[in-house]
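What follows is calculated from the coordinates using simple rules that are stated; it is not laboratory data. Just so it is clear, the structure is predicted and the values come from calculations on it, not from any experiment. Cβ sites come from the backbone with ideal geometry, for glycine too, and all protein chains shown count toward neighbours.
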Amino acid sequence: MRSKIAIAILNWNGVHYLKKFLPTVVEHSTHPDISISVIDNGSTDDSVSFVKNNFQQVNLVCLDKNYGFTGGYNKGLQKIEAEYYIILNSDIEVTPNWILPVISEFERNEKMAAAAPKLLSYSDRDTFEYAGAAGGFIDYLGYPFCRGRIISKLEKDNGQYDTSIPVFWASGACMFVRAELFHNLGGFDDNFFAHMEEIDLCWRMKNAGYQVYNCHNSTVYHVGGGTLPNNSPRKIFLNYRNNLLLLYKNLKKRSLAKVLLVRFFLDLASASIFFIQGKFKFSLALFRAYWSFFSMRKQYKIDRTGLKTFPEIWTKSIVINFFIFGRKKFSDYNK
């Protein structure tokens, strides 16, 4: 059955998050145009039985194994018909009236392909959350940053970013997206498995002539790090590998070689720092990321003639400005 708005929550062995946050999603999503689905990625805990026994109004899409964030959503959303998808992490606490203000923005702007609400920290309620804050941007070397989060520095939310503006990427932790366009563009890149996939999708949307927005009049709270903790070598591997794939897929030909060369030396410096700190698994994960990137790039046949540049791509290095010049707030760059 087709609904106008379909909330899709991907789950893998996260029954503790479903118990904690699914009741609030149900409470604040009671509208005849809204459906809720849990896409289960082959969980081995009691996630499926918990949803079946406690939330009959929630649709269950059960996959046979863990296909990652990308494959889980790609396969699950094929079974959910809607005009708009809300891709929602299981570790998100939503708030009253979090959906309709964003959908209203879509209805007013037919070029709006994706959007995200303001993401705040679940544990530190007046602080922006790492995964999206108040809208995502990127520098020319591929390093993501946000209004409210530069590298690892998180700002307090004092209303300084309470404007709805075009951004470069919308966080996959809570992403509103036109369903037809999602499928027409092939959804998330399955090769990514997890991390950076939403930036790649947003970049492809923008190359197709669409816009991505952050909508300040909707707020959610994100736990973060629920599937892979920040100190995981696996997370380091995926972030670096997928960031290189992201650049390889979407950069113009004249920029690609220069950017990848600069990135190699910056990433080599990062690997050296990990090694000096005794984080040998992190250092190894970074080298594995490069090996995997070079092995995988032959899978892509990129027509670079239609690729574009965008004002949301900052033309300087966020890393140099953060660590050398001490610019640790988005407002430092906006000036």
Counting sequence-distant residues (5 or more places) and residues on other chains, those with an amide H built under 5 Å from that of W314 are I138, D139, Y140
Tally of Lys pairs whose C-alpha atoms are under 21 Å apart, taken over segment 3-222, 8 or more apart or cross-chain
15
Using only DSSP helix segments of four residues or longer, with each worth -39500 (n - 2.57), what per-residue ellipticity at 222 nm results for the chain after dividing by its residue count and rounding to 500?
-11500 deg cm²/dmol
Size of the dipole of the chain about the Cα centre, Lys and Arg at +1 and Asp and Glu at -1 on the beta carbon, nothing else charged, in debye to 20?
1560
Which label marks the calculated value of Rg/Rh (Cα atoms, Kirkwood Rh), given the options (i) 0.98; (ii) 1.01; (iii) 0.95?
(iii)
Calculate how many DSSP beta bridges within segment 3-222 are antiparallel, expressed in % of all such bridges and rounded to the nearest 5.
45
Cα-based helix-to-principal-axis angle, 197-207 vs the chain, degrees rounded to 10
80
Would you order W169, W98 from fewest to most other beta-carbon atoms within 10 Å of each residue's own beta-carbon?
W98, W169
Would you mind working out the magnitude of the charge dipole of segment 239-335 relative to its Cα centre, with +1 at each Lys and Arg C-beta and -1 at each Asp and Glu C-beta, to the nearest 20 Debye?
240
For segment 1-101, what is the charge dipole size about the Cα centre, in debye to the nearest 20, if Lys and Arg each add +1 at the Cβ and Asp and Glu each add -1 at the Cβ?
160
Rounding to the nearest 10 and keeping the result within 0 to 90°, find how far the Cα-based axis of helix 253-276 lies from the longest principal axis of the chain.
90
Compare the Cα positions of N109, G159, F265 along the charge dipole of the chain (+1 at Cβ of Lys, Arg; -1 at Cβ of Asp, Glu; about the Cα centre) and return the one farthest towards the positive end.
F265
Farthest toward the dipole's positive end in the chain, which of N184, G209, A173, given Cβ charges of +1 (Lys, Arg) and -1 (Asp, Glu) about the Cα centre?
G209
Ranking F145, F322, L77 by how far each Cα lies towards the positive end of the charge dipole of the chain (+1 on Lys and Arg Cβ, -1 on Asp and Glu Cβ), the top one is F322
Helix 280-296 versus the longest principal axis of the chain: what angle, 0 to 90°, nearest 10, using Cα atoms?
90
